[in-house]
Structures are given as C-alpha cells and as structure tokens.
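I have placed the structure first, in the form of structure tokens, so that the comments after it can refer back to it.
The values are calculated or read from the model by the stated rules, or taken from the named source; none is laboratory data. The structure presented is a predicted model; accordingly, all values stated were derived computationally and were not measured. Note that each Cβ is placed from the backbone with ideal geometry, even for glycine, and that neighbours are counted across all protein chains shown. These area figures cover heavy atoms from the full protein model, side chains too; ligands, DNA and RNA do not enter into them. Shrake-Rupley method; radii C 1.70, N 1.55, O 1.52, S 1.80 Å.
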Amino acid sequence: MTELTLTGLVKRYGRVTALDGLSLEVRAGEFYCLLGPSAAGKTTTLRAISGLERLEAGRIEFAGRDITAAPVQGRGIAMIFQTFALYPHLTVRENLAYPLREARLAAGEIKRRVDEVAELLRITHTLDHKTTTASGGEQQRIAIGRALVRQPKLLLLDEPLTNLDAKLRHDMRAEFKRLHRDLGTTMLYATPDQLEALTMGQRIAVMRDGRIVEVGTPHQLYARPADAYAARMVGAPAINFVPGRILRRDGRDRLELPFGEVALAEGYASLSVGDQVTVGVRPHDITIGAAGGFRAAIQLTEPLGDITVLDLDLGGEHLKMVLPEDRAQALGPGQEIEVVIRPEDLHLFDRETGRRID
Ligand code: ADP
Ligand code: MG
C-alpha cells in the first residue's frame, strides 16, 4: 500500500531549482533511501514533506490525505536533521520528553513513552545524565529518540550518520535496520553514501539535480541499472565506463572496445553495426584469466583488508578491478596481467541519454 506520494514537486530558491518536478512513491512500512550527491535536493525533499518548505508546484499525499498545504504540526511526520542539536543543560530524559511537553501530554504518558523509547534505543542507563556527557553514538540515539517519542507514522532521516566516525556509522547502520524491523515505521532516509543505501534501503531512489533518475531495489540498481548515472552512484569501487562500437565479424555481432573485442551477448535488438555506446563493467566482474583475455598493466594496488582494488591500464583506458586479498599479494605496480570480461557482465548505455540498452 502506498503511504506517501510526491507528484511533480518544484522548489526554487531564487535562480536555483532545488526540486525540478520530483515524483516518488513510498510504501507503508518501507525503508526507502534517497541517494544522491550534495545539492541533489535530498534535504529540500524531506523538508517539503515535513511542511517546512513552500513549493512552487506539486502535490504531497500522505496516508490517503493531500497534505501539500497542511501545517507542520499534526502531519504525523518526524524528521531527524543532519546536524541535530540537543539541549545541553537538560538531562537525556528531559531532552526526550521535550517534544511531548510541547504537545502538552500528561506526565504519566510522557514518562511511559520516554522509558519505552529509551529501552528501544538502549540508552536507559543515560536517562538521568546531562546530554553533554553522552558519547557521540548516544547523542545520535537521543536525537532519534526525540523523533520517536512522538510516535510518527513517517520518519524522515537526513544523513543521520554523516557526522559520525566510521566505526559508529557501521554500528548505527545495523541499529537503524533493527529499529525499522521492531517499529515497522515507514522511513525515508537521505544519504550521499551508496553503502548506507545498499545496506539499509529496501528500495533506493537515485537523485540528481532535483529529480529522481531511477528507483529500484539494491540488487536491481547494482545488477541491472537502467541508467548510467544510477549505475555509477551504486557500487564501490564505481563501475568502469569505456566507449564501445558494434561491429560484425564472421557473421556475429561483437563489441569493439579501446583495448580489444568481446562477443556481444544475446539480445540488443535495437543496435546495428557502427553504433557507438557507453560500456559499463563493474570492478567485481573483471577477473584474472589465462588465455583469451586483455593485457593490462597494474598501475596501483589499494589493499582494503579482505579485498584489494587494482588500478589497471588497458590500452590507455583506466579501469579498476577487485581481487581477494590473498590473490593480490603477489601483484604490484608495473606488472602485467591478463584480464577477462564476460559478455554477459557488460552494461550497455546510450551515449547521449545514458539509458540502458538491452
Ligand atoms: P542535498 O540535501 O541533496 O545536498 P539540498 O536539498 O540541500 O540538497 O539543496 C538542493 C539545492 O538547493 C542546492 O543547489 C542548494 O544550494 C539549494 N538550496 C537549498 N536550500 C537553500 C536555501 N535555503 N537557499 C538557497 N538555496 C538553497
Ligand atoms: Mg542535505
């Protein structure tokens, strides 16, 4: 069931178009990620849903109601901002209770909700401390708790992990998944980090310049991206792109790449000989082979623990590939290897529009 529908949202700040006809649908109970670089319009989208921005055009429907012009209060929507500010002179309990006091709930109900949320977030032991004594991770939990005590039907999260250190980000990703599972609340989570989107999102909307480029499950976006830009936003190291041209040899369609030829997999009915395309190949899909491969010069090795990223030069094109750490140990800059790219692992995109070609 659809919980939230955005249709044709337009938001301008002077001459900047922050949202350029943005549309999307979030299902009830879904963990939905907005993935896009800085200035893509993620924050503006969340603020518009919260009711903090006036739109030039478009319509916002939530839980079956048109809330485009509804006041902020009473939407049943809570937002956690990228830079959350706790009240330092108050205790954790007082911080959590604050929104409920504002809403004039009875003292007993406030205590009940604060205790419940504190338990859920595992910060019960900090309740009577000042927030200034809480660790970074606890402070983040308190900020989340302040949104949750209001029992929102929709939780908007604006890069909640961007300001945390790497270890904490890892822990909090798992924590958000657990919270989502335990609460069942619909969550819309904005991030520039593809890893966060892939690990937490049930669906991901890739954003660019105030529009949605593509929506899909993590698997769809990784394995069969419909758009070259979305293909590049998802997966690390990022997908390699090289130019390609269709040719026919010995009665078979083949793909000419800057460093050699590969057979063209089945399909591609829309392509004819001479057509130029953008060819994408994921670093994980390049393997070291024996005969029949392409010669590649290793330029750089980047050990990342269990895997190593190799920077390769193939006929003047720079591509990245990934190897298990133990297989990469014997390799170093200056060495030459043979690499294999399977036809079925290639992603073909229109050179002009960036749309996938099948
Ligand atoms: P993101 O959250 O994806 O980084 P934003 O929604 O913050 O993107 O911004 C989208 C665009 O709108 C950017 O170009 C940004 O500079 C602009 N913008 C956002 N807020 C304002 C504002 N209050 N005044 C002027 N321009 C703004
Ligand atoms: Mg932002």
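Some observations on this one:
- Among Thr91, Thr353, Thr191, Thr43, the sequence by solvent-accessible area, most first, with a 1.4 Å probe is Thr353, Thr43, Thr91, Thr191.
- Heavy atoms of Asp209 accessible to a 1.4 Å probe, total area in Å² rounded to 10: 100 Å²
- Three-way shape label, segment 239-313, alpha-carbon gyration tensor, a/c 1.5: prolate
- All lysines inside 21 Å of Lys130 as judged from Cα atoms, apart from same-chain residues fewer than 8 positions distant: Lys111
- Between 0 and 90 degrees, the angle of helix 92-102 with respect to the longest Cα principal axis of the chain falls at about 70 degrees.
- Site-free segments of the chain were taken between GluC sites (Glu not before Pro) in DSSP loops having at most 14 other Cβ atoms within 10 Å, sites themselves excluded; the longest one is 57-265.
- Between helix 166-183 and the chain: long-axis angle, C-alpha atoms, 0 to 90°, nearest 10: 60 degrees
- Tensor-based shape of segment 1-86 (alpha-carbon gyration tensor, a/c under 1.5 rounded, otherwise prolate or oblate): rounded
- Looking at the chain, the DSSP beta bridges with both ends there are about 80 percent antiparallel.
- The chain, accessible area per residue, ligands and nucleic acids excluded (1.4 Å, Å²): 48 Å²
- Gaussian network model of the chain, springs between alpha carbon atoms under 10 Å - residue of Ala48, Ala205, Ala103 with greatest fluctuation: Ala103
- Apportionment of accessible area to carbon and sulfur, the chain, percent (1.4 Å): 49 percent
- Crossing angle, helix 107-120 versus the chain [Cα axis fit, 0-90 degrees, rounded to tens]: 30 degrees
- Segment 185-217 and segment 138-162 have Cα centres spaced 18 Å apart.
- Sparse-neighbour loop sites [trypsin sites (Lys or Arg not before Pro); segment 1-64; at most 12 other C-beta within 10 Å; DSSP]: Arg15, Arg54
- Charge dipole of the chain (Cα centre as origin; +1 on each Lys and Arg Cβ, -1 on each Asp and Glu Cβ, all else neutral): 1440 debye, rounded to the nearest 20.
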